[in-house]
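A.B. asks: Structure provided below as C-alpha cells; questions to follow.
The values are calculated or read from the model by the stated rules, or taken from the named source; none is laboratory data. This is a predicted model, so every value here is computed, not measured. Heads up, the Cβs are rebuilt from the backbone with ideal geometry, glycines too, and the neighbour counts pull from every protein chain shown. Accessible surface is based on the protein model in full, side chains and every heavy atom, while ligands, DNA and RNA are left aside. Shrake-Rupley method; radii C 1.70, N 1.55, O 1.52, S 1.80 Å.
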Amino acid sequence: MRSNLAACAQLLGPVIDIARRAGTRILEIYESGEFAVANKADRSPLTQADLRAHQTIVEALHALTPDWPVLSEESARIGFAERAHWLRYWLVDPLDGTREFLSHNGEFTVNIALIEGHEPVLGVVYAPAKRLLYYAIPGAGAFRALDDEPARPIVVKRHAASPIRIVGSRSHRGDSLDGLLSRLGSHELIAIGSSLKLCMVAEGSADLYPRLGATSEWDTAAAHAVVLAAGGYVTSTAGTTLTYNSRPELLNPHFLVYADRDRPWHRLV
C-alpha cells in the first residue's frame, strides 16, 4: 500500500537527522586529510568515509523502520529475485561523489530516498562540507536549507534562460555531452559533482542536466524526489520517466533533468 503524504512527513525529520549524522562521520575523515583509498568492482574509489556513512545510515534506517529493506551502494549484491518482491524500501548512496571527496572540493553528498511502486516518494540530499540540505516529498514540496538558516521552498524555472544553463559532471564529461552542447547553441556550462546537479535544476539555478554516461539508481533517487517535488522532470533520453528496482540491473539509462517542456531536449540528444 502506498504511503500517504502524512506518513512520509513523519519520516522526513528522522531521515534528515540520519543524513546529517552520516555527514558528520564523513567530515571526520574529510577534515583529517587521512584516508586510505581502495577500488570498487567498477574501479571507482572507495574510502573509509563511504563505509562509515553506510554503517551509520543502514543501522539508523533499520531502527527507524525495521521491516523495510535498505539497498545501499555499499551493499548492492541483493539479487533481483529477492528485490522484485519489495513494495517499499530505502535506496541509499552514503557518499555520492567520492572523487569530489578525494579532490577536497566539497561537492559530495549523502543521498537517502524512500522508494514505493518504483518511484521516489521521499528524498534527502545533504552536502556536509557545504552544510547544504535539500529534502522533498513529491506532492508536498521541495526545500533547501543552508547552515542553520530556516528551510525555504524551491521550485524549478519553468522557462529556460538564455543562454541555457547546463549543469554537467565535474568528473565524467565525454564526447556525447560535447555533441549535445554543440547542438544546443548558446549556453553556459556549470561543472559540479554528485547529485547536486539535479538539485540545481530543482532550485531553478540550472535549466538542464543531461547525463549521457553510466549512473546507478542510488546516484539519482533522492535528488529525483527533489526534482519531482519542485516541478521538474527526470526522464530517459527517450522520454520515459526513470524508475527504480524494475529490472535486474541497477544501472540507470542515460537521462535528462529539466523543467521547460517546451524545449525539444530529447530530439537534441
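A.B. asks: Hey, got the dipole for the chain? About the Cα centre, +1 on K and R Cβ, -1 on D and E Cβ, debye to the nearest 20?
C.D. replies: Charge dipole, the chain, about its Cα centre: 620 debye, nearest 20.
A.B. asks: Can you pull out the trypsin sites (Lys or Arg not before Pro) in segment 116-168 that DSSP calls coil and that have at most 10 other Cβ atoms within 10 Å? Please list the in-between numbers first.
C.D. replies: Details: sites: LYS130, ARG131, ARG144, LYS157, ARG158, ARG165; in loops: LYS130, ARG131, LYS157, ARG158.
Listed in order of number, the matching sites amount to none.
A.B. asks: Just to be sure I understand: with springs between alpha-carbon atoms less than 10 Å apart, which residue in SER216, SER72, SER176 has the highest mean-square fluctuation in the Gaussian network model of the chain?
C.D. replies: SER176
A.B. asks: Can you give me the solvent accessible area of HIS85 with a 1.4 Å probe, rounded to the nearest 10 Å²?
C.D. replies: Roughly 150 Å² of HIS85 is accessible to a 1.4 Å probe.
A.B. asks: Continuing with this model, one more query. Let me know the shape class of segment 47-132, please: from the alpha-carbon gyration tensor, a ≥ b ≥ c as square roots of the eigenvalues, rounded when a/c is under 1.5, otherwise prolate if a/b is greater than b/c, or oblate. Don't jump to the answer; show the numbers that get you there.
C.D. replies: Numbers: a/c = 2.06, a/b = 1.82, b/c = 1.13.
It comes out prolate by the Cα gyration axes.
A.B. asks: Would you please name the trypsin sites (Lys or Arg not before Pro) within segment 1-98 that are DSSP coil residues with at most 12 other C-beta atoms within 10 Å of their C-beta?
C.D. replies: On the way: sites: ARG2, ARG20, ARG21, ARG25, LYS40, ARG43, ARG52, ARG77, ARG83, ARG88; in loops: ARG2, LYS40, ARG43, ARG77.
The qualifying sites are ARG2, ARG43, ARG77.
A.B. asks: Using a simple spin-label model with points 7 Å from Cα along the Cα→Cβ vector, what separation in nm is obtained for LEU102 and ASP67?
C.D. replies: The answer from the label model is 4.2 nm.
A.B. asks: Taking 0.36 nm per residue of sequence separation and subtracting the Cα-Cα distance, how much length would be gained by fully extending the chain between ALA238 and VAL37, in nm to one decimal? Don't skip to the end; give the middle numbers.
C.D. replies: Working: separation 201, 0.36 × 201 = 72.36 nm, distance 3.70 nm.
Separation in residues times 0.36 nm, less the Cα-Cα distance, equals 68.7 nm.
A.B. asks: Would you mind finding the longest exposed-site-free stretch of the chain, with exposed GluC sites (Glu not before Pro) meaning DSSP loop and at most 13 other Cβ atoms within 10 Å?
C.D. replies: Values: sites that count: GLU34, GLU249.
Result for the longest clean stretch: 35-248.
A.B. asks: Another question, then. What helices does the chain have that are whole DSSP H segments, at least 18 Å long along their own axis by Cα, and with mean Kyte-Doolittle hydropathy of 0.0 or more?
C.D. replies: On the way: long enough: 5-32 (40 Å, 0.58); 48-64 (24 Å, 0.10); 217-230 (19 Å, 0.80).
Those that clear 18 Å and a mean of 0.0 are 5-32, 48-64, 217-230.
A.B. asks: Based on the Cβ-Cβ distance from SER205 to ALA7, what FRET efficiency comes out when R0 is 45 Å, to the nearest 0.05? Please list the in-between numbers first.
C.D. replies: Details: r = 31 Å, r/R0 = 0.69.
The pair SER205/ALA7 has a calculated efficiency of 0.90.
A.B. asks: Then there's this: Run the 1.4 Å probe and let me know the accessible area of SER246, rounded to the nearest 10 Å².
C.D. replies: 50
A.B. asks: Expressed in nm to one decimal, what extension gain is obtained for the pair SER176 and HIS254 from 0.36 nm per residue of sequence separation less their Cα-Cα distance? Each step should come with its number before you reach the end.
C.D. replies: Working: separation 78, 0.36 × 78 = 28.08 nm, distance 1.06 nm.
Result: 27.0 nm gained on full extension.
A.B. asks: Describe numerically, in nm with one decimal, the distance between label points set 7 Å from Cα along Cα→Cβ at ARG152 and at GLN48.
C.D. replies: According to this spin-label approximation, the distance is 3.9 nm.
A.B. asks: Please say if the chain is rounded, prolate or oblate, where rounded means a/c under 1.5 for a ≥ b ≥ c the square roots of the C-alpha gyration tensor eigenvalues, and otherwise the choice is prolate for a/b larger than b/c and oblate otherwise? Write out the running numbers ahead of the final one.
C.D. replies: On the way: a/c = 1.38, a/b = 1.24, b/c = 1.12.
Taking the square roots of the gyration eigenvalues as a ≥ b ≥ c, the chain is rounded.
A.B. asks: Would segment 1-158 count as rounded, prolate or oblate if I go by the C-alpha gyration tensor, calling it rounded below 1.5 in a/c and otherwise prolate when a/b exceeds b/c, oblate otherwise? Could the numbers behind the result be given before it?
C.D. replies: Values: a/c = 1.88, a/b = 1.17, b/c = 1.61.
Oblate.
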